Amino acid sequence: MKATAKREKDAKDQATFAGDFEAKFYYPTEVVEDQVTPLMDDSEYQYVLVAQAFPLAMNHFRRELQALGLDARQLPLGLQ
């Protein structure tokens, strides 16, 4: 994730921030990799995984920026 903070009065004055986030998904113990691998090629399945992970990662990213004193309220929390 990347964000750029700019001053309203001087857009040249900016800072860029980046964060890496990893999501883990747990499946029941009886599910084997051969069952899940074909699903990874399905764009709808990929979207469901991203739709679960992105809001959590974005919320964490936003809180980290706010901890630095930045106003990160305008950053989206969901998928657009």
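Taken together, the values in this text are just the output of simple stated rules run on the coordinates, not laboratory data. Not measured: the values here are computed from a predicted model. Neighbour counts are summed over all protein chains in view; Cβ atoms, including those assigned to glycine, are modelled from backbone coordinates with ideal geometry.
Some observations on this one:
- Cα-based shape type of segment 33-80, given that a ≥ b ≥ c are square roots of the gyration tensor eigenvalues and the cut on a/c is 1.5: prolate
- Selection among Gln74, Val48, Phe21 by position relative to the dipole of the chain gives Gln74 as farthest towards the positive end (Cβ unit charges, Cα centre).
- Panel note: the C-alpha atoms of segment 4-51, placed on their principal axes, show extents of 57, 20, 13 Å (largest first).
- Mean Cα-pair separation over length for the chain, i.e. relative contact order, pairs under 8 Å, 6 or more apart, %: 23 percent
- Taking Leu65, Leu49, Leu39 in turn, the Gaussian network model of the chain (Cα-Cα springs below 10 Å) assigns the largest fluctuation to Leu39.
- Model label zone, Gln35; criterion: amide N under 18 Å from point 7 Å along Cα-to-beta-carbon; scope segment 47-74: 49
- Kirkwood-type radius of the chain, with distances r between different C-alpha atoms, in Å: 15.1 Å
- For the chain, built as a Gaussian network whose Cα springs stay under 10 Å, the top-fluctuating residue of Ala23, Ala11, Ala57: Ala11
- Counting 0.36 nm for each residue step from Asp20 to Thr4 and taking away their Cα separation leaves a gain of 4.2 nm.
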